[in-house]
Each structure stands twice: as structure tokens, then as C-alpha cells.
1. Taking the stretch A:41-57 only, how many residues are over 15 Å from B:ARG120 (Cα atoms), within 12 Å of ligand 2 (Cβ to nearest atom) and touching a residue at least 60 places away in the same chain (Cβ under 8 Å)?
2. Within the stretch A:173-187, take every residue that is surrounded by fewer than 21 Cβ atoms within 10 Å (Cβ to Cβ) and either within 14 Å of another protein chain (Cβ to nearest Cβ) or in contact with a Gly (Cβ under 7 Å, 6 or more places away or on another chain) (or both) and give me the one that is farthest from A:GLN82 (Cα to Cα).
3. Quick one: in the stretch B:119-155, of everything that is surrounded by 18 or more Cβ atoms within 10 Å (Cβ to Cβ) and not in a helix (DSSP H, G or I), which residue is farthest from the other protein chains (Cβ to nearest Cβ)?
4. Can you tell me which residues in the stretch B:156-179 are in contact (Cβ under 8 Å) with a residue 12 or more places away in the chain, assigned to a helix (DSSP H, G or I) and hydrophobic (A, V, I, L, M, F, W, C)?
5. Being within 14 Å of the chain's Cα centre (by Cα) and free of Cβ contacts under 8 Å to residues at least 60 places away in the same chain is the filter here; which residues of the stretch B:1-29 pass it?
6. Select the strands (runs of 3 or more DSSP E) contained entirely in the stretch A:175-254, then report the ones holding at least 1 residues which are without any contact (Cβ under 8 Å) to a residue 24 or more places away in the chain.
7. Please state which of the following conditions A:ALA170 fails to meet, knowing it meets all the rest: (1) in contact with a helix residue (DSSP H, G or I) (Cβ under 7 Å, 6 or more places away or on another chain); (2) within 16 Å of ligand 2 (Cβ to nearest atom).
8. Based on what the data block shows, is A:VAL118 more than 10 Å from every other protein chain (Cβ to nearest Cβ), within 16 Å of B:LEU129 (Cβ to Cβ) and among the hydrophobic types (A, V, I, L, M, F, W, C)?
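Computed from the coordinates by the stated procedures, all read-outs in this text should not be read as laboratory data. In this text the structure is predicted, and so the values were computed from the model without any measurement. Here the Cβ positions follow ideal geometry from the backbone for every residue, glycine too, while neighbour counts run over all protein chains shown.
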Amino acid sequence: MEERIQLKVKGLVKRFGSETVLDGIDLDVHKGEVVVVLGPSGCGKSTLLRCMNGLESLSEGNIFLDGEEVSSSGKKITMLRQKIGMVFQSYDLFPHKNIMDNITLAPVKVQKRPKKDVESQAEKLLKRVGLWEKRKSYPRELSGGQKQRVAIIRALCMNPEVMLFDEVTAALDPEMVREVLDVMLELADGGMTMVIVTHEMQFARAIADRVIFLDGGNIVEDLPPEEFFTAPKTQRAKDFLQTFAYEKRRTDTN
Amino acid sequence: MRDSGINVLFLGKNFLRLLEGLGVTLRISLIAVLLSLPLGILLGMFMTLKNPVSKAISRIYLEFIRIMPQLVLLFIAYFGVTRMFGWNLSADVSAVIVFTLWGTAEMGDLVRGALISIPRHQYDSAAALGMTKVQTFIHVVVPQTMRRLIPLTINLTTRMIKTTSLVVLIGMTEVLKVGKQIIDANRFEYPTAALWIYGVIFLLYFLACWPISMLAKKLEKRWR
Ligand SMILES: Nc1ncnc2c1ncn2[C@@H]1O[C@H](COP(=O)(O)OP(=O)(O)OP(=O)(O)O)[C@@H](O)[C@H]1O
Ligand SMILES: [Mg+2]
């Protein structure tokens, strides 16, 4: 893995009104690294990702992409967002456009690339995930898992340097989770820099180079996955992992 | 059946006069709708601003127009304004003004509804793709809003056509008025004329509004 820092979060504080959601986050993501962010519901995982590509303004601190600051206003932000792809939990395809037009819209309108080029890039990616036949379909005609794969391809066609994933499988039926996670695994193998929020612990363990555990607005653990899942340092992380474990608690009443 | 009321229709230019009457209604409706569309779109956008002042203003306007019966508005425009400011508004102009005010309020509310029904994650994902606010509006918000709006706008048009029959009360000769004149003129020869004339008027309204409603249904289905 290269040592170059691709995404740098420095002293990030985020408040909503009087509520401090993120309280001084420092995080360096290196090129090609896959960082999985874990933490209890409401601890600010989504907020952290949204701050990373300027969807939320920062109360304090800075975020740098390739050494360049991401600020939440002005022209620079739209330039920088082109380099940070993001996929959300909700199916966020544009319902009035077919799959191909969903994918080509931003590269053509924002990056002013020739439509043909984008389409041939989209063709390769759609074929790889087995959705080329669906290129003329509308989002409502696709399953949740198919929509999320298209959303990932749509972000990839902007040729981003970093991809952010916010619980992209959380709204999916279990049998569709796999097909989406496989696409992400393939991306990681291809060397994409990724920050992933997920509740799929097995997947987190398989894909992560590093696991960040967020709680109380701070990073309380920052460990390699094996270590995090087998020997977390803090009680809070232990408790968190415990919520995913099932024990035989049923008592025999006879 | 010499005195069957249906014969009234074929007396002189009676049927033609009815059609002309309908023409008056349709003309006013059409002008009012065409003016209401752009004004309503502006009003609807104005209503979604997060500014409390703009919210209050548009709220008051909307409530006022909705609470006031259109008839009262017509009287105010036609008789009141003439008295107060000494402007001599013709019945035509008064009617167009009142129905445009009404149409703008209704259209504004429809546009507002369509705009706020676009989920926030649509804006977010457009922004995450590097689109500017203007690009998002043009490529994401407007097309989705249009789909929702077109059927609603068409329904508004048919409501407009039906409501404009009120202009008879400020002295305009629209289809109902013509019908009444024909009935009155033939009261003795054709006692059943009323039934036939109103029946024909019903049919004329139906023929004017039905294709429009069908179009709305079709578009609604197509765009879901
Ligand atoms: N726009 C907002 N306005 C006010 N409060 C917000 C806003 N967005 C998030 N919050 C609050 O910030 C906190 C963190 O929210 P966030 O969505 O980042 O949590 P999360 O870790 O992603 O949770 P989950 O696992 O449930 O998705 C929550 O308490 C939430 O109520
Ligand atoms: Mg979240």
C-alpha cells in the first residue's frame, strides 16, 4: 500500500444546534486503503461521511483531499465532489431517467465529457455486474440490489479517487446484500480508496484494512480488523460487538 | 310531437349561439390558465423559500383567494374596482384577472407540493455527483416536478372551465346565459325546452372537459 494520504480529516467538530455529534475527529485515509467505520446507531457515522464530501458544513476543523481543502461552499466543492463518490442507503437513482441516463448525466453535464466515452465506460461496468440488459430500464423496474449496483456504477463513472459508502445494503432484502457487497469487494481489490459504513460485520471483517469505531463523537478504536473483532481494547467496542452475537438464551420451561 | 323541446335547438341560430356561449367560457378559461401557469410556477417556487416573510405573504394570498368565493372576487373586480379607482374594467378583463388570481393560487400550491415532494436524497445524490444547485434544479428537480404537475394542471384547467360559468353574473353572455335566453324566448311554444337546452349544455361541458380529463389520466398512468 502506498503511503500517500488521500483523505485527511483534521479536528472535525460537527454540531446540530447545541448537540455535538462529532467532537474532534482526526483520521488519515491512505491511497488504496479501505476504512470501515462502525459504531452504534446515531453516533454520527453518516454525518462523518457527509462532512467528508461537503454535504454538511463543518462546525470546526478541516478536511483535505489530496492536500486540497474540502469546504462546503463555492465552486471548489463541486470540483472536489467529483473526486469523491458517495452511495447512500436510500435508493437514490433519478426516477425519471433510465439506467444509462442516470449514469451519464453527471459525467456529461458536470465533467463535460463526451457522452460516447461515458457510455462505453458504463457499458463495461454494467456488463461486469450483469446489468447491461437493464440499461434502458427505469429505476422502478429494478430490485433494490440492482439499484444499488447501478448507484455504485454511477458514482464510479465520475472516476472518483475516493468512494464513500453509507450503509448501502441496510435497506436491502438479505438475498440481495451479497451481490452489492461483491461489487464493493471487487472495487477494493482494484485498489480503490474507500470509506465504508456498514452493519454487516462479516463483510467489514473481510474488506477492511482498518476498522474505526466511533462513539460519543470520537474515534475510540482504530485497529486492523482481526484485532478489532477478536480483541477490541475498549469496553464500548466489546459491548457493541456483543449486540451482534447471538447466544442461546432460551430456557427450558418443562 | 310538434312541441318536443329538442326542436328549439334547430330554431334559428340557437345551437350556434350556444356554441358561441361555450366559446366565451373556454376563451376566458384558456387565457386565465395560460397566465396562471407561469405565475403559479413562480409563486410555488416563492412558497418553498425558507424565508418566514415570503412564507407569510404567500400563505395570506393563498388563504384569501381560497376563502373568498370566486363570485365575490368577481364582484369586487368588476363593480368594486370601478367604483374605487374609477378604472373601467370590462367584464372580460375582470373575469380574466379574477380567474388568473385564483388559478395562480391553485397552481402555486400544486407547484409547491410537487417541489417539496422531491425527497431530500435526490438533492443529496445530485450534489454528491458534483452537480451545482442550478444543474440539480434543471436536470433533477424540474423534470420530476413536471411529471407530477402535468396531470394536476390539466385537472385545474377543467375546474377552471366549470368555474368560469360564474361570469354570467357580471353580465357576460356565456353558454348558460344563452341557454336561459333561449328557454325564456320559447317558454310558451316549447315548455320542455329547459330540459333539452340544459341537457345539451351538459353535453357541451362534458365534451370540453372529458378529453382533457382523459389526457390527465393517461399521463398520470404513463408517469406514475
Ligand atoms: N440534519 C440534522 N439535523 C439535526 N440533527 C441531525 C441531523 N443529521 C443528523 N443529526 C443527528 O446527529 C446524530 C448522528 O446522526 P447520524 O445520521 O450521523 O448517525 P449514524 O451513526 O449514521 O446513525 P445510523 O447508524 O442510525 O445511521 C443523530 O443524533 C442525529 O439525530
Ligand atoms: Mg447513518
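1. Selection size over the stretch A:41-57: 5.
2. A:ASP173
3. The residue in question is B:MET131.
4. B:LEU156, B:MET160, B:ILE161, B:LEU166, B:VAL167, B:LEU169, B:ILE170, B:VAL175, B:LEU176, B:VAL178
5. Scanning the stretch B:1-29 gives a single hit, B:ARG27.
6. Fully inside the stretch A:175-254 and qualifying: A:218-223.
7. The single condition A:ALA170 does not satisfy is (1).
8. It is true that A:VAL118 is more than 10 Å from every other protein chain (Cβ to nearest Cβ), within 16 Å of B:LEU129 (Cβ to Cβ) and among the hydrophobic types (A, V, I, L, M, F, W, C).
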